[in-house]
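Nothing in this text is a laboratory measurement; each read-out follows from the coordinates by a stated rule. Note that the structure is predicted; figures quoted are calculated from it, not measured. All Cβ positions, even for glycine, are placed from backbone atoms using ideal geometry, and neighbour counts span all protein chains on display.
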Amino acid sequence: MPIRAVLDTNVLISGLLSEGSPPRWLVDAWLDGRYVLVTCLYQVEEISHVLDYPRIASRLRLSDAEVDLILAALLSQAEVVGGDLRLPGVSRDPKDDPLVACAMEGAADYLVSGDADLLDLGKHENTRMVSPREFVEILGL
């Protein structure tokens, strides 16, 4: 059974920004079919907003068509869960709760993040919280 993982929005954005970094290796590994990326509409919308931030947009210099292509890839090549599960208070930061819920709903083995609020959870049900570098090692990249 393939490994299933949610990548925190910051990890996905870092993967677009930073060549030769663990987040980029994880985005490339997903596109190469090394694991199943689990996401939800909440996260796709969040990524759309973050890609619009001036400091991100100025670094990436993506056309509207390229942004649309990234979002379409997430919607078509990742497993998109419904986002119906609510887990208020599961993390110290309420903004992280939807990602934990996404991981639970998608039966993800890992939630990959650099966020201490998530990493400090360690594990929630069957999902381990790991850093990008740890997930690189788990995948043997």
Problem set entry | Cut-off under 5 Å, modelled amide H: who pairs with Cys40 long-range | Val81
Exercise. Using the Karplus equation 6.51 cos²θ - 1.76 cosθ + 1.60 (θ = phi - 60°), what ³J(HN,Hα) coupling, rounded to whole Hz, does each residue of segment 7-13 give in order, writing x for Gly and Pro?
Worked result: 9, 3, 3, 4, 5, 4, 5
For this session: Calculate how steeply helix 41-52 sits against the longest principal axis of the alpha-carbon atoms of the chain, using the helix alpha-carbon long axis, and give the answer as 0 to 90 degrees to the nearest 10.
Result: 40 degrees
Seminar exercise, completed: Spelling it out for Asp109: with amide H atoms placed in the peptide plane at 1.01 Å from N, the residues 5 or more places away or on another chain with amide H under 5 Å from its amide H are Arg4, Ala5
Seminar exercise, completed: Long-range amide H partners of Ser131, meaning residues 5 or more apart or on another chain whose placed amide H is closer than 5 Å, are Ser113
Problem set entry | Directionally averaged projected area (convex hull, Cα atoms, the chain), nm² | 8.0 nm²
Exercise. For the chain, what does -39500 (n - 2.57) per DSSP helix run (n ≥ 4), summed and divided by total residues, give at 222 nm, in deg cm²/dmol to the nearest 500?
Worked result: -14500 deg cm²/dmol
Problem set entry | Point-charge dipole on Cβ atoms (K/R +1, D/E -1) for the chain, about Cα centre, debye to 20 | 260 debye
Seminar exercise, completed: Taking the convex hull of the alpha-carbon atoms of segment 30-95 and averaging its shadow over every direction gives an area in square nanometres of 5.8 nm²
Seminar exercise, completed: A correct Karplus calculation of ³J(HN,Hα) over segment 129-139, with 6.51 cos²θ - 1.76 cosθ + 1.60, θ = phi - 60°, whole Hz and x for Gly and Pro, returns 8, 9, 7, x, 4, 4, 5, 4, 5, 4, 7
